[in-house]
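The values are calculated or read from the model by the stated rules, or taken from the named source; none is laboratory data. Values in this document were obtained by computation on a predicted structure and should not be read as measured data. Here the Cβ is made from the backbone with ideal geometry for all residues, glycine too, and neighbour counts use every protein chain on show.
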Amino acid sequence: PQSLDINRVRADFPILQEHVNGRRLIWLDNAATTQKPRSVIERISQFYEHENSNIHRAAHELAARATDAYEAAREKVRRFLNAASTNEIVFVRGATEAINLVAKSWGEQFLQPGDEIILSHLEHHANIVPWQQLAQQKGLQIKVIPVDEDGQLILSAYQQLLSNKTKLVSFTQVSNALGTVTPVRQIVELAHQAGAKVLVDGAQAVSHMRADVQWLDCDWYVFSGHKVFGPTGIGVLYGKEALLNETQPWQGGGNMIKDVTFEHTQYQLAPGRFEAGTGNIADAVGLGAAIDYVDHIGIDAIQQYEHYLLVYATQLLKEVPGLRLIGTAPDKTSVLSFVLKDFTTEQVGAALNQEGIAVRAGHHCAQPILRRFGVESTVRPSLAFYNSCADIDALAESLLRLRRSRI
Ligand code: PMP
């Protein structure tokens, strides 16, 4: 991990100086949301102090500044995902809204009774519920790619689910509950061979690994700004340009139109047709700053450092008596999900919080995959590149202390 200067990186995140219950904050809830570097916080202030205006439709200087800042952010996202064009980058509220957008626009327009959608057993509720709603409405069938005992998708079973009825495969690149990294490219290729479109949920991937939509060749890719060191309330839907343009908008209003009469409306091409109303301009600009920050650290350096940290953490947690790790796929990132014998996950979460250590304890909005492993809830520390070995040591020591308190 020589490529990453952890002390310098940590100094960029003001909240890491925070104290909780008299202890230095140890933020291990990165899968829920990530902390923000000073450059993102300052960029949002700068926008409100010097650039704030609505975009695209005024004659004045601030409208030009705000529009430039917003469109510059779109270009940063394009580069970050290696999309072919900024026309393929739609700003939305987050991954959840992006998936709902595809279900409620493309899904309603193109899917017919009897069509099939394939999801994976790893999905977050955000990539289950919108498809279920659509399936009920349209008479579709949902099929699920199973996982093995390590929490990796079983590709042979996936191949058997695919048929000419399959119209969509929608799955996550990284499981938020287990940390499994799925073989995206292979899944996409097989789906395309069957004539299906593919949506990839990148919510848990973009802060940990390179996401190249042209290489992955997915039809849509979604993520949330707040999970990649940017603000809440802003996220991205990437879609292939021709596909976006043949899809009818889901929300109507200002910005998304070319011409309106009482009889008829002509829509903009993408991305405008999917951005009805005043968007979250300032936070889009903040997301652009977050992407700049990630570029400055280097996503490859981040991935390498986090791999080292995950291996270190896995070793230490395995030494805690009675701790069962759930999710042991060889290809994993960031997440360590576990249960501790004799304790509820709430008790473990509360004990860690007493020592300033923030983890999530619960079902992580992914109940099906936890139930696959026979549990309703896990404790879930999740790593980012600003976590240190000292953070992991504190976590392991705290768990060992808790363990000893029961012997
Ligand atoms: N997909 C995955 C894999 C996630 O982890 C999350 C957030 N936990 C979401 C989708 C939804 O993201 P958001 O709540 O930011 O819309």
Which of the residues spanning region 212-231 are of a type in the set (A, V, I, L, M, F, W, C) and either without any contact (Cβ under 8 Å) to a residue 40 or more places away in the chain or away from the ligand (no atom under 15 Å from the Cβ) (or both)? Val213, Trp215, Leu216, Cys218
Would you point out which residue out of Glu116, Glu88 is surrounded by 22 or more Cβ atoms within 10 Å (Cβ to Cβ), away from the ligand (no atom under 13 Å from the Cβ) and of a type in the set (Asp, Glu)? Glu88
Quick one: in region 146-179, which of the residues that are within 11 Å of the ligand (Cβ to nearest atom), among the hydroxyl-bearing types (Ser, Thr, Tyr) and outside any loop (DSSP other than H, G, I, E, B) is farthest from Ser337 (Cα to Cα)? Ser170
Given (1) within 16 Å of the ligand (Cβ to nearest atom); (2) of a type outside the set (Phe, Trp, Tyr); (3) within 18 Å of the chain's Cα centre (by Cα), Arg185 misses just (1)
Just checking, does region 332-345 include any residue being under 23 Å from Thr34 (Cα atoms), assigned by TED's automatic domain parsing to the domain that holds Leu16 and surrounded by fewer than 18 Cβ atoms within 10 Å (Cβ to Cβ)? no
How many residues are closer than 12 Å to Ser120 by Cβ and either outside the structural domain of Trp131 (by TED's automatic domain parsing) or of a type in the set (D, E, K, R) (or both) when one looks only at region 165-194? 0
Picking from Arg360, Arg372, Arg380, Arg401, the residue that is more than 26 Å from Glu18 (Cα to Cα) and of a type in the set (D, E, K, R) would be Arg372
Filtering region 206-231 down to residues that are among the hydrophobic types (A, V, I, L, M, F, W, C) and in contact with a Ser or Thr (Cβ under 8 Å, 6 or more places away or on another chain), which residue is surrounded by the most Cβ atoms within 10 Å (Cβ to Cβ)? Phe229
Which one of Ala59, Ala84, Ala64, Ala73 is in the same structural domain as Leu216 (by TED's automatic domain parsing) and under 28 Å from Thr33 (Cβ atoms)? Ala73
Before we move on, is Thr96 out of contact with any helix residue (DSSP H, G or I) (no Cβ under 9 Å at 6 or more places or on another chain), under 30 Å from Thr232 (Cβ atoms) and within 16 Å of the ligand (Cβ to nearest atom)? no
Condition first: away from the ligand (no atom under 16 Å from the Cβ) and out of contact with any Ser or Thr (no Cβ under 9 Å at 6 or more places or on another chain). Now tell me which residues in region 232-243 satisfy that. Lys240, Ala242, Leu243
The conditions are (1) closer than 22 Å to Pro381 by Cα; (2) part of a loop (DSSP other than H, G, I, E, B), and Asn7 fails exactly one of them. Which is it? (2)
Here are Leu134, Leu122, Leu140: which of them is under 23 Å from Gln204 (Cα atoms) and either surrounded by fewer than 19 Cβ atoms within 10 Å (Cβ to Cβ) or assigned by TED's automatic domain parsing to the domain that holds Lys165 (or both)? Leu122
Go through region 346-367 and report how many residues are within 16 Å of the ligand (Cβ to nearest atom), aliphatic (A, V, I, L, M) and closer than 19 Å to Leu325 by Cβ. 3
Boolean, Lys197 is crowded, with 21+ Cβ neighbours inside 10 Å, outside the structural domain of Phe373 (by TED's automatic domain parsing), away from the ligand (no atom under 16 Å from the Cβ) and touching a residue at least 40 places away in the same chain (Cβ under 8 Å): yes
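Residue by residue, here is whether (1) outside any strand (DSSP E or B); (2) under 18 Å from Ala31 (Cβ atoms); (3) at pLDDT 95 or above holds:
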| site | (1), (2), (3) |
| --- | --- |
| Asp342 | yes, no, yes |
| Gly349 | yes, yes, yes |
| Ala361 | no, yes, yes |
| Pro368 | yes, yes, yes |
| Arg371 | yes, no, yes |
| Val375 | yes, yes, yes |
| Ala384 | yes, yes, yes |
| Asp391 | yes, yes, yes |
| Ile407 | yes, no, no |
